[in-house]
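What follows is a short report on a single structure.
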């Protein structure tokens with residue numbers, strides 16, 4: 001399988017290896033990850049490959065870095081690592097053989113650099129960088145209670161992405177506007193068996209309690225593809241990212257989706273709640289999923305449960321086909337949220353987990369930004385809200401481009417909140433809009449839109 005030219009088959013080899021290792025550890029009565037006593041402080045895990053579920057097995061208070069021989073910056077394990085504040089670097093040749101247990105290692109998640117057994121000079125240089133980063137973090141923390149309003153007076157809603165109870169303190173740490181994306185599948189991925197309805201209900205109530213009067217947008221289960229659950233039957237697919245996953249799986253397994261919706265609606269009893277469906281590719285799928293919500297509301301009324309005061313139902317825009325159904329979709333939804341990671345993957349026919357092709361296109365190129373602009377313009381025209389919760393919003397230059405396209409609601413990782421907010425406070429949005437408008441419709445020039453945005457930021461003194 002390793003010699004196969006098919007990347008899907010090679011990836012399945014990793015699944016088989018992981019399954020074999022987990023089975024052996026189970027038979028030996030061992031945990032899937034080192035126990036808290038076995039895992040040292042400031043630990044760095046080195047592996048050939050790892051899935052997001054395996055990463056979540058580790059004690060996150062002691063884990064400080066992740067090095068993988070395979071995997072790109074946009075793979076799901078890398079996204080989960082960033083959400084947990086763990087520096088992760090992939091595509092490191094012979095990573096597992098280059099270091100021995102106990103070796104000192106520096107993992108630079110920003111530049112993608114790895115230093116095994118670093119010299120005193122390199123350690124000193126990185127110690128200074130850490131001190132500089134701490135000073136920057138202190139500056140960001142000082143902005144915590146400042147309203148997110150641009151220099152020309154335009155308010156911007158900055159929310160955070162979350163998925164676990166451990167993420168909830170970030171609401172207060174960042175003083176964000178709410179949770180723009182709560183990934184409900186993470187609870188299912190860290191559980192050894194299908195979470196009971198009572199367990200789901202408890203988690204959702206905990207999230208809403210932590211958010212208080214701030215909004216929380218729950219995304220229904222986005223499983224399938226590379227986010228397989230060990231206790232659910234999986235099927236062999238040549239292209240899992242394009243296959244039986246997310247809302248497609250939910251509609252085919254109505255008991256699973258309806259059970260989750262019921263728990264969400266019960267958790268939202270007496271307060272406002274926002275639900276959105278992932279991977280919708282046609283309006284009919286949204287209509288069918290929305291009917292599940294109506295049926296569960298009827299069930300809760302009949303059984304005397306408290307209902308939410310207000311329910312907003314929306315959808316992720318991740319499938320390019322939905323770009324050509326926006327007029328019909330926007331008459332049905334209360335809001336939309338753009339999942340830029342998958343949208344760009346499908347738009348450019350590029351597997352974001354494949355290191356050979358993941359960098360072949362620029363997410364700040366005209367085709368990608370035109371698609372995002374169309375969503376923002378059409379949504380605003382009908383008085384609905386459009387946010388973006390993909391990784392693009394967590395990069396200051398990406399956030400700059402989104403503001404220039406008309407987005408005023410962004411959901412990003414908690415660690416990116418400070419840098420993006422600092423950039424917005426120094427930004428004149430009208431100026432960057434004037435710069436962006438002609439670039440989108442102009443023929444391809446010698447400079448990319450990314451270069452123009454960097455030049456604008458330098459001229460305006462913005463920190464990217």
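The values are calculated or read from the model by the stated rules, or taken from the named source; none is laboratory data. All values reported here derive from a predicted model rather than from experimental measurement. Using ideal geometry, Cβ is built from the backbone for each residue, glycine included, and neighbour counts are taken over all protein chains shown.
Could you check region 257-274 and list, in sequence order, the residues that are in a helix (DSSP H, G or I) and either at positive phi or in contact (Cβ under 8 Å) with a residue 40 or more places away in the chain (or both)?
Answer for region 257-274, where residues must be in a helix (DSSP H, G or I) and either at positive phi or in contact (Cβ under 8 Å) with a residue 40 or more places away in the chain (or both): 259, 260, 261, 262, 263, 264, 265, 266, 267.
Would you confirm whether any residue within region 186-205 is touching a residue at least 24 places away in the same chain (Cβ under 8 Å), within 26 Å of residue 250 (Cα to Cα) and assigned to a strand (DSSP E or B)?
no
Taking residue 131 as the residue in question, decide whether it is farther than 30 Å from residue 214 by Cβ and not in a loop (DSSP other than H, G, I, E, B).
Yes: the conditions hold for residue 131.
In this structure, is residue 300 in contact with a strand residue (DSSP E or B) (Cβ under 8 Å, 6 or more places away or on another chain) and part of a helix (DSSP H, G or I)?
Criteria not met by residue 300.
Going by the conditions given, is residue 404 in contact (Cβ under 8 Å) with a residue 24 or more places away in the chain and either out of contact with any helix residue (DSSP H, G or I) (no Cβ under 7 Å at 6 or more places or on another chain) or not assigned by TED's automatic domain parsing to the domain that holds residue 168 (or both)?
It is false that residue 404 is in contact (Cβ under 8 Å) with a residue 24 or more places away in the chain and either out of contact with any helix residue (DSSP H, G or I) (no Cβ under 7 Å at 6 or more places or on another chain) or not assigned by TED's automatic domain parsing to the domain that holds residue 168 (or both).
Which residues, counting only those in region 139-165, are out of contact with any helix residue (DSSP H, G or I) (no Cβ under 6 Å at 6 or more places or on another chain), part of a loop (DSSP other than H, G, I, E, B) and surrounded by 19 or more Cβ atoms within 10 Å (Cβ to Cβ)?
Those that are out of contact with any helix residue (DSSP H, G or I) (no Cβ under 6 Å at 6 or more places or on another chain), part of a loop (DSSP other than H, G, I, E, B) and surrounded by 19 or more Cβ atoms within 10 Å (Cβ to Cβ): none in region 139-165.
So is residue 173 in a helix (DSSP H, G or I), at pLDDT 95 or above and in the same structural domain as residue 317 (by TED's automatic domain parsing) or not?
Here the answer is no, as residue 173 does not meet what is asked.
Output the residues belonging to region 331-373 that are surrounded by 20 or more Cβ atoms within 10 Å (Cβ to Cβ), without any contact (Cβ under 8 Å) to a residue 60 or more places away in the chain and assigned to a helix (DSSP H, G or I).
Of everything in region 331-373, those that are surrounded by 20 or more Cβ atoms within 10 Å (Cβ to Cβ), without any contact (Cβ under 8 Å) to a residue 60 or more places away in the chain and assigned to a helix (DSSP H, G or I) turn out to be 340, 343, 344, 368, 372.
Being in contact with a helix residue (DSSP H, G or I) (Cβ under 7 Å, 6 or more places away or on another chain) and in a strand (DSSP E or B) is the filter; apply it to region 275-290 and report the residue that is farthest from residue 307 (Cα to Cα).
Looking at the filtered set, the residue picked out is 277.
Residues of region 27-61 being touching a strand residue (DSSP E or B) at 6+ places or on another chain (Cβ under 7 Å) and at pLDDT 85 or above, which ones?
42, 43, 44, 45, 46, 47
Tell me whether region 263-274 contains one or more residues that are exposed (fewer than 14 other Cβ atoms within 10 Å of the Cβ), in the same structural domain as residue 190 (by TED's automatic domain parsing) and either out of contact with any helix residue (DSSP H, G or I) (no Cβ under 7 Å at 6 or more places or on another chain) or farther than 29 Å from residue 368 by Cβ (or both).
Yes.
Tell me the residue from 421, 378, 437 that is surrounded by fewer than 18 Cβ atoms within 10 Å (Cβ to Cβ), touching a residue at least 40 places away in the same chain (Cβ under 8 Å) and farther than 20 Å from residue 345 by Cα, please.
378
Which one of 76, 170 is surrounded by 14 or more Cβ atoms within 10 Å (Cβ to Cβ) and more than 20 Å from residue 399 (Cα to Cα)?
76
Consider only pairs whose beta carbons are under 6 Å apart and that are at least six residues apart or on different chains; among these, list those whose first residue lies in region 234-251 and is at positive phi and whose second residue is surrounded by 15 or more Cβ atoms within 10 Å (Cβ to Cβ) and modelled with pLDDT of 85 or more.
246/222; 246/278; 246/279
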